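Taking it in order: structure first as structure tokens, then the write-up.
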């Protein structure tokens, strides 16, 4: 399908509230969870992102509202061209971003699969290990889905926009299973949260320490 070159052009050509919408929550956390292609673009990715974020992590969701059609452009902008003002504002305030994407079922892999990518390979592998420990199949993302490109928005967190993050590409089979089975979704999100929650806690501890070390007036 033909997609949009960038978010600016998409917003010029498509109508907010009719073709697309977005929402975001700043929870003053060290972690940001992003679903850049939610709704009808990559179904169920917004549901999964919200389950991971809960009330602990900042959240950004962009959703397609209309169905894909042959005579309309796909409401999709590649992660390397994904410049969105609210997303950028949130990313500058966090230590790491986790992006949730949808992938097609791929030959040679199980139907329910998560492809692991992103520039932060250490954090990627920690999440990968927890997913497998909770009974989910995960594999290193193949070329084109690996999210390692520095220009990918998930690798542009922090004040200098240079802190890498983690990209999940979740197969359609797994996304459907997560959406259809609340217990499975809770288990999937919990596996990821086990890795991300300590990042939040460490950041808060550091902030509290700095506050305590300020000289009294």
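The values are calculated or read from the model by the stated rules, or taken from the named source; none is laboratory data. Small disclaimer: the values here were computed from a predicted structure and weren't measured. Cβ placement follows ideal geometry from the backbone for every residue including glycine, while neighbour counts extend to all protein chains displayed.
Before moving on, here are some points about what is shown:
- Residue 121, sole failed condition from (1) modelled with pLDDT under 95; (2) within 17 Å of the chain's Cα centre (by Cα); (3) surrounded by 15 or more Cβ atoms within 10 Å (Cβ to Cβ); (4) farther than 23 Å from residue 59 by Cβ: (1)
- Flag if residue 45 is modelled with pLDDT of 95 or more, closer than 19 Å to residue 176 by Cβ and crowded, with 19+ Cβ neighbours inside 10 Å: yes
- Among the residues of region 1-22, just one is without any contact (Cβ under 8 Å) to a residue 40 or more places away in the chain and either part of a loop (DSSP other than H, G, I, E, B) or in contact with a helix residue (DSSP H, G or I) (Cβ under 9 Å, 6 or more places away or on another chain) (or both), namely 15.
- The single condition among (1) out of contact with any helix residue (DSSP H, G or I) (no Cβ under 8 Å at 6 or more places or on another chain); (2) in a loop (DSSP other than H, G, I, E, B); (3) within 22 Å of residue 119 (Cα to Cα) that residue 68 does not meet is (3).
- Residue 49, sole failed condition from (1) in a helix (DSSP H, G or I); (2) closer than 20 Å to residue 11 by Cα: (2)
- Residue 175 vs. criteria over 12 Å from residue 44 (Cβ atoms) and either outside any strand (DSSP E or B) or touching a strand residue (DSSP E or B) at 6+ places or on another chain (Cβ under 7 Å) (or both): no
- The C-beta contact set for region 69-95 (first residue surrounded by fewer than 15 Cβ atoms within 10 Å (Cβ to Cβ), second residue in a helix (DSSP H, G or I), distance under 6 angstrom, 6+ apart or interchain) comprises 83/7.
- Only one of 147, 108 that is in a loop (DSSP other than H, G, I, E, B), within 14 Å of the chain's Cα centre (by Cα) and either over 14 Å from residue 34 (Cβ atoms) or in contact (Cβ under 8 Å) with a residue 12 or more places away in the chain (or both): 147
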